[in-house]
Amino acid sequence: MIIFSGGTGTPKLLDGLKEILPPEELTVVVNTAEDLWVSGNMICPDLDTVLYLFSDKIDRKKWWGIEDDTFLTNERMQELGITESMKLGDCDRATHIIRSNFIRSGLSLTDATLELASIFGINSKILPMSDDPVSTYIKTPERTMHFQDFWIGKHGEPEVLGIDIRGVSEASISPKVFKALENDDDILIGPSNPITSIGPIISLPGMKDILQKKKVVAVSPIIGDAPVSGPAGKLMQASGLEVSSMGVAEYYQDFLDAFVFDERDQADEFAFEKLGCYASRADTLMTSTEKSKELAEIVVGLFDIIVCP
């Protein structure tokens, strides 16, 4: 199975998937459009969240970063008058240093990520969506800013006027992702922000054509008219989409075969079927590993009832 991931929602689902499927059967394709360089090192927030999850290092209270990490380096830099755009933990920073050294030595982001996964003892395949630079910028009344400045620096508070995923139309699907897609027909789109987490992955040239030939199941990150977490609501609205599970399904409708939305949602199952996809209700909040496992079992079961195009 191939899982498209970004943000914190999909890693929670991955937490359940890795309990019910052999690790070597899981390939995670991760958003890289939120990556940036900080203090001379390449930060890949979504990749690192997946790496930390699969290596059992993730801080489960925040669902990012490393559990019990310290921030001595960041604090010392502030004492010296240096402010970083992101507050980086010490153990987390070590990951960034290792990755950056691999890249400086000539490795692609994909190969650097595979090296990190090997160091962390991960048997599943964790792959960046592309080796080419892609960056998400958010247009606000104040200025156009990198997604991390919007979300971390501004806490997602500014009004969103538009989203610009720079470089995506010139980027290529990474060769190892392309090969994985050739060898696997089951694609799961996790409950991450559809615009800035999943959007960059499916916007890579040729990706939607590939997905139309696969079995595609998606899980909604929206319950009612609000996201479970993060700025998805603002970003969907700015993109002209209804902030609802239906809005998410419509965003994916060109290739969507089955859609999972929350049991508390008032959406009509038959409305999803008009989009040409099977709809299933489930508890999507995933407040524990057991809840994540239950949702994962439902999702995996959906692939058995889909006929590959």
Pseudo-spin-label distance Lys61 to Ser239, built 7 Å along Cα→Cβ, given in nm, is 3.2 nm
Once all protein chains are kept in place, Phe120 shows an accessible area at probe 1.4 Å, nearest 10 Å², of 40 Å²
Gained length - Ile97 relative to Val307, 0.36 nm times residue gap less alpha-carbon distance: 71.1 nm
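Just how large is the dipole of the chain about the Cα centre, in debye to the nearest 20, putting +1 at every Lys and Arg Cβ and -1 at every Asp and Glu Cβ?
Details: 28 positive and 49 negative charges, 104 e Å.
For the chain, the charge dipole is close to 500 debye.
Calculate for the chain the 222 nm mean residue ellipticity that helices alone would give, adding -39,500 (n - 2.57) per DSSP H run of length 4 or more and normalising by residue count, nearest 500 deg cm²/dmol.
-10000 deg cm²/dmol
Would you work out the Kirkwood radius for region 1-150? I mean one over the mean of 1/r across all pairs of different Cα atoms, in Å. Don't skip to the answer; put the middle values down first.
On the way: mean 1/r = 0.0621 Å⁻¹.
Averaging 1/r across every pair of different Cα atoms and inverting gives 16.1 Å.
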Which value results for Rg/Rh of the chain when Rg is the Cα radius of gyration and Rh the Kirkwood radius based on the inverse mean 1/r? 0.95
Could you work out the relative contact order of the chain? I mean the mean sequence separation of Cα pairs under 8 Å and 6+ apart, divided by the number of residues, in percent. 20 percent
For the chain, give the percent of accessible area contributed by carbon and sulfur heavy atoms, probe 1.4 Å, rounded to a whole number. 49 percent
Please work out the Kirkwood hydrodynamic radius for region 148-228, using every pair of different C-alpha atoms, and report it in angstroms with one decimal place. 14.7 Å
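What is the Cα radius of gyration of region 187-309 over 2.2 N^0.38 Å, N being its residue count? Present the calculation step by step, with values, prior to reporting the outcome.
Working: Rg = 13.5 Å, N = 123, 2.2 N^0.38 = 13.7 Å.
Against the compact-globule rule of thumb, the ratio is 0.99.
So which of Lys213/Lys291; Lys61/Lys125; Lys62/Lys213; Lys139/Lys213; Lys12/Lys274; Lys62/Lys125 end up more than 27 Å apart by C-alpha?
Working: Lys213/Lys291 31 Å; Lys61/Lys125 25 Å; Lys62/Lys213 36 Å; Lys139/Lys213 34 Å; Lys12/Lys274 29 Å; Lys62/Lys125 24 Å.
Checking Cα-Cα distances, Lys213/Lys291; Lys62/Lys213; Lys139/Lys213; Lys12/Lys274 exceed 27 Å.
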Past the 16 angstrom mark, what percentage of all C-alpha to C-alpha distances in region 1-46 do you count? 46 percent
What residues have an amide H closer than 5 Å to that of Ile58, excluding those fewer than 5 places away on the same chain, when H is modeled at 1.01 Å from N in the peptide plane? Leu53, Glu67
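Kirkwood Rh over Cα pairs of region 74-172 into Stokes-Einstein at 37 °C, 0.692 mPa s: D in µm²/s?
Value of D from the Cα-based Kirkwood radius: 205 µm²/s.
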Under a Cβ-only charge scheme (Lys and Arg +1, Asp and Glu -1), can you give me the dipole magnitude of region 1-42 about the Cα centre, in debye to the nearest 20? 80 debye
Taking the Cα centre of each part, how many Å lie between region 141-194 and region 10-80? 16 Å
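The values are calculated or read from the model by the stated rules, or taken from the named source; none is laboratory data. Because the structure is predicted, anything quoted here is derived from the model rather than measured. Note that we place each Cβ from the backbone using ideal geometry, even for glycine, and neighbour counts take in every protein chain shown. Keep in mind that these areas ignore ligands, DNA and RNA; they rest on the heavy atoms of the full protein, side chains included. Shrake-Rupley method; radii C 1.70, N 1.55, O 1.52, S 1.80 Å.
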